[in-house]
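Input: a single structure, listed below in structure tokens.
The values are calculated or read from the model by the stated rules, or taken from the named source; none is laboratory data. Because the structure is predicted, anything quoted here is derived from the model rather than measured. Glycine also receives a Cβ, built like all others from the backbone with ideal geometry; neighbour counts cover every protein chain displayed. What goes into the accessible areas is simple: the full protein's heavy atoms, side chains included, and nothing from ligands, DNA or RNA. Shrake-Rupley method; radii C 1.70, N 1.55, O 1.52, S 1.80 Å.
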Amino acid sequence: MKRILTFTAACLMTLAAFAQSYPIQGVPFTSVQLNDDFWAPRLKIHREVTIPIALYQCYNTGRVDNFLKAGRLKEGDFGTEYTFDDTDIYKIIEGASYSLQTHPDKELEAHLDALIYYIGRAQEPDGYLYTARTINPDPAHLHQWVGKERWVKDPDLSHELYNCGHLYEAAAAHYRATGKTSLLDIAVKNADLLVHDFGPGKLELEPGHQIVEMGLAKLYGVTGKKEYLDLAKFFLDARGKKNRKEYSQNHLPVVEQETAVGHAVRAGYMYSGMADVAALLGDEAYIRAIDKIWGDVVGTKLYLTGGVGAVGGHEGYGDPYYLPNMSAYNETCAAIANVYWNYRLFLLHGESKYYDVLERTLYNGLISGISLSGDRFFYPNPLESKGQHSRSAWFGCACCPSNICRFIPSLPGYIYAQKDRRIYVNLFMTNTADLVLEDRKITLEQQTGYPWEGTVRITVRPEQAGTFELAVRIPGWASGTPVPSDLYRYTSKDNVRTTLQINGNKADYTMQDGYAVISRAWQPGDVVTVDFPMTIHKVLANEKVKDDAGRMALERGPIVFCLEWPDNEGVNIRNLLMPQSTALKAVYQQDLLNGVMTLEGTGRNVMQLANGRLKEEPVAIKAIPYYAWANRGRGEMAVWTAYDRKYVKPMAYPTIASQSRLSASRDATDAAAVHDLEMPANSNDHNMSYCHFWPANNTTEWLQYDFKEPTKVSSTEVYWFDDSIQGGGCTVPASWKLYYRDGDEWTEVKAKGEYGIAKDRFNVLAFEPVTTSGLRLEIQLPRRASSGVHEWVVR
Ligand SMILES: [Zn+2]
């Protein structure tokens, strides 16, 4: 039967009529064939491992079932934890669509068709699509984040519009990849409902979690329906009027915002949406605002790894220069959002500094979010670990894995861009690209061993000889500026400079906005050879970054390095001293971590002795790329190493507690932290690891030391963890008791004082001495909160 031509299909026919929006245009990933040794294998693992796993998880966890239930294809209640779980399926469809476009796969395409059928079934007749309500709209039945009426619940929670945004992104990608309008029709019907429901004189509400703005701009790009763009602008301008709070960037009208605050993923999506709307509607005020915010992030809030969002509590930005390493949040989604935002700023302004940030994020704090095997994920990406961090196969809140799913296959689209008669070469990886520049077909062939080697050969093959410009990005790291601000600097100036040659002769070029611009009459087969100096850089942070004081990081090319336990056996990473004068050499190891460059040298191992004095001896050290850490099990890792003795914090000399075997009740997280000999600055110290029982409350929990041998003990000290001041779920316990092993029994000690529950200090309990093989700390959690322990000392 002939399909009725939908509105969408009809307007797609006129697509060609819509002009490109940004001053600079990206060269789509479909025009680029990637065949390098660094990224192409990652994209292959993504296709073969990550996408199938993500799909499996969506079926296995009930995410797909939610659509079946909403579509009356299955019985039952909303069956997953979060109201935004629908978006994981949208994001996987988006990533799988990109993947299909470069690697057709009938089976995967059929799989997407099935999912899209379910999504269509779950859509209500007027276009509304949100399984958390549709499955059972009875108010008594709704998830606590869902309001009785559509849209009007505290929007931070409901995520209704967030779901819409990801639907539009997926729909645009699926349409572009397959030419099918099945998902696009669903998206358009939904977006038309938004246009009907929201706007001046209608619902005037701001979205809680941004992305619908970017999604609407994309949907406009595909359909040409300007009302979508106007609605995106309306949503942005609705912010800062009511519900004012920084968490969701709702504290001020967007054009008055000057600094990055609040939840980092929301922020990154909002700034990206503002760039889209600004480019499409020519809104200068938006551009001024995001330029200023960018200066704030790059100047005071960017980790060396390109990660953003230092604080775990609100998953977002902290104060300027607050960049703790061990508790660094750096959500993988925030890294992806940072790439989106910097890419758009480049398309607006054409300056290489945006790509300096993008590349730094991409090669370090973004791909650290997925294991080399493609099947384990990080949500936060810290810069230091004592072994408390490890990757997970999936998360209850699965935003990060599904975001990785949609981002990775789109990567080839970030390599080139074009404007008028200029081609920008922004990233370096072996590939072949076909583009059309002012009606001239040009093929570019890039060959390089980047990021390990600094030579890039670009063969230019225009269909016919002719004049145009090739603008090659000279990365900040290659010209002594790790980031476009004074947040980080190299300890010494490079005495080798980047060189450019054409067909073996010194190239004639001018530097513009960070690009070496070569303008000439190109002959087919002309070869541009760029040589970046692959110096090993020692990096220092701005003095205002307290957490990096006296410390140094290592970089080579775009790669940030770290020291991890398996490469530095027999030494505690935190005991290391690496003077600024340390000689290091780069050694490529094919057999390590899928092939990585390592940095090798000799540092100093600083050890604490029983008498409290320090002993120091030389030790071989080896650094690996940061992105590759946590692929060999749990253990110590650090990006920043002390170069100043004062800042080495060596492991304390072993104690009864640290030498005991520790066990704990089932609900304990990071129990080992209680005998790591790390003393917190206060009960809310997130820089030290701590044991906690959250989300358990009103239960009796325990920690237990089994001594190496029967030991005489007479006092204990407990330092409670308490983050209630920050709105966290842990406070001091209701009460506690100490027991010792007495034959087969646990007997309470004869306490000589109170069982203290004071914050911000050790609670000392002396008791009548006993000789025993173990102690048990029993903790009664408060009725409506949980508790935690920073440190438990025994004497
Ligand atoms: Zn995430």
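Computing the accessible area with a 1.4 Å probe over protein heavy atoms, can you report the carbon and sulfur percentage for segment 192-326?
Numbers: 2130 of 4060 Å².
Summing carbon and sulfur atoms, their accessible area is 53 percent of the total for segment 192-326.
Specify the inter-centroid distance of segment 39-72 and segment 127-164, based on alpha-carbon positions, in whole Å.
Value for the Cα centre distance between the two parts: 24 Å.
Compute the length gained on full extension between H251 and K202: take 0.36 nm times their separation in residues and subtract their Cα-Cα distance, giving the result in nm to one decimal.
So the extension gain works out to 15.4 nm.
Please give the per residue accessible area of the chain, computed with a probe of 1.4 Å over protein heavy atoms only, in Å².
39
Please go through the residue pairs K91/K189; K44/K353; K241/K292 and name each one whose alpha carbons sit more than 28 Å apart in this structure.
Details: K91/K189 19 Å; K44/K353 30 Å; K241/K292 21 Å.
In this structure, K44/K353 lie more than 28 Å apart at Cα.
When Lys and Arg each count +1 and Asp and Glu each count -1, what net charge do the other residues less than 12 Å away from W702, Cβ to Cβ, add up to? Don't skip to the end; give the middle numbers.
Values: positive: R666, K737, R776; negative: D667, E701, E778.
Within the 12 Å Cβ shell, the charges total 0.
Among the complete DSSP H segments of the chain, which ones combine at least 20 Å of alpha-carbon extent along their axis with a mean Kyte-Doolittle hydropathy of -1.0 or more?
On the way: long enough: 86-102 (26 Å, -0.28); 106-122 (24 Å, 0.04); 160-178 (27 Å, -0.38); 182-197 (23 Å, 0.61); 264-281 (25 Å, 0.92); 284-300 (24 Å, 0.17); 332-349 (26 Å, 0.66).
What comes out of the filter, once short or polar helices are dropped, is 86-102, 106-122, 160-178, 182-197, 264-281, 284-300, 332-349.
Between E109 and R784, 0.36 nm times their residue separation minus their Cα-Cα distance comes to what? Don't jump to the answer; show the numbers that get you there.
Details: separation 675, 0.36 × 675 = 243.00 nm, distance 4.85 nm.
Length gained, E109 through R784: 238.2 nm.
Can you list residues from other chains, or at least 5 along the same chain, whose modelled amide H is less than 5 Å from the amide H of S683?
D760
Run the quick spin-label model on K441 and K752: label points 7 Å from Cα toward the beta carbon, then report their separation in nm to one decimal.
With each label placed 7 Å out from Cα toward Cβ, I get 9.1 nm.
Can you give the charge dipole size of segment 247-401 about its Cα centre, rounded to the nearest 20 debye, using +1 on the beta carbon of Lys and Arg and -1 on the beta carbon of Asp and Glu?
On the way: 10 positive and 15 negative charges, 89 e Å.
Here the size comes out at about 420 debye.
For segment 462-614, give the percent of accessible area contributed by carbon and sulfur heavy atoms, probe 1.4 Å, rounded to a whole number. Can you show the working numbers first?
Values: 3110 of 6860 Å².
Of the solvent-accessible surface of segment 462-614, carbon and sulfur hold 45 percent.
How would you rank 456-468, 27-39, highest first, on the average number of other Cβ atoms within 10 Å across their residues? Before the final figure, lay out each step's value.
Working: 456-468: 16.3, 27-39: 18.2.
Top of the packing list down: 27-39, 456-468.
If packing is taken as the mean number of other Cβ atoms within 10 Å per residue, what is the order of 645-652, 263-270, 41-48, highest first? Each step should come with its number before you reach the end.
Numbers: 645-652: 14.9, 263-270: 27.5, 41-48: 17.8.
Per-residue Cβ counts within 10 Å, averaged per peptide and sorted highest first, yield 263-270, 41-48, 645-652.
What whole number of Å gives the distance from the Cα centroid of segment 739-774 to the Cα centroid of segment 546-604?
Segment 546-604 and segment 739-774 have Cα centres separated by 43 Å.
Can you tell me the FRET efficiency between N60 and T510 if r is taken as the Cβ-Cβ distance and R0 is 41 Å, rounded to the nearest 0.05? Numbers along the way, then the final one.
Details: r = 56 Å, r/R0 = 1.38.
The pair N60/T510 has a calculated efficiency of 0.15.
Compare the peptides 693-702, 421-430 by average per-residue count of other Cβ atoms within 10 angstrom and give them in order, highest first. Write out the running numbers ahead of the final one.
On the way: 693-702: 17.4, 421-430: 21.7.
Averaged packing, sorted descending, gives the order 421-430, 693-702.
So for the chain, taking the charge dipole from beta-carbon charges (+1 Lys/Arg, -1 Asp/Glu), which of A171, Q659, P23 sits furthest toward the positive end?
Positive-end residue among those listed: P23.
Under 16 Å from the 7 Å Cα→Cβ point of A521, by amide nitrogen: which residues of segment 458-474?
So the set is 462-469.
How far apart, in nanometres, would the label points at E709 and D434 be if each is projected 7 angstrom from Cα along the Cα-to-Cβ direction?
It is 7.8 nm.
Please tell me the relative contact order of segment 283-337 in percent, rounded to the nearest whole number, where contacts are Cα pairs under 8 Å and at least six residues apart.
Details: 61 pairs, mean separation 16.9, N = 55.
Relative CO of segment 283-337 lands at 31 percent.
I'd like to know which of L55, L142, S97 lies farthest towards the positive end of the charge dipole of segment 36-153, counting +1 on Cβ of Lys and Arg and -1 on Cβ of Asp and Glu.
Going by the charge dipole, the pick is L142.
Can you spot the aspartates and glutamates whose alpha carbon is less than 15 Å from K646's alpha carbon? Ignore those fewer than 8 places along the same chain.
Here the aspartates and glutamates satisfying the reach criterion relative to K646 are D547, D548, E616.
How large, in percent, is the carbon and sulfur part of the accessible surface of segment 736-775 at a probe radius of 1.4 Å?
Working: 1030 of 2360 Å².
Heavy-atom surface of segment 736-775 belonging to carbon and sulfur, 1.4 Å probe: 44 percent.
Which entries of K649/K759; K419/K441; K202/K225; K301/K759 show an alpha-carbon separation above 22 angstrom in the structure shown?
Numbers: K649/K759 24 Å; K419/K441 14 Å; K202/K225 20 Å; K301/K759 30 Å.
From K649/K759; K419/K441; K202/K225; K301/K759, over 22 Å: K649/K759; K301/K759.
Relative to the present Cα-Cα distance, how much length would full extension add between N503 and E351 at 0.36 nm per residue of separation? List each step's numbers first, then the result.
Values: separation 152, 0.36 × 152 = 54.72 nm, distance 2.69 nm.
Difference between extended and current length: 52.0 nm.
Over the chain, what relative contact order in percent results from Cα pairs under 8 Å that are six or more residues apart?
Details: 1795 pairs, mean separation 77.3, N = 795.
Value for the chain: 10 percent.
What is the calculated FRET efficiency for D230 to A465, with r their C-beta to C-beta distance and R₀ = 41 Å, to the nearest 0.05?
Computed FRET efficiency for D230 and A465: 0.35.
Please give the direction-averaged projected area of the C-alpha convex hull for the chain, in square nanometres with one decimal.
Values: hull surface 145.1 nm².
Mean orientational projected area (the chain, Cα hull): 36.3 nm².
Under a point spin-label approximation (7 Å from Cα along Cα-to-Cβ), what is the E75-D742 distance to one decimal in nm?
Inter-label distance under the simple model: 5.6 nm.
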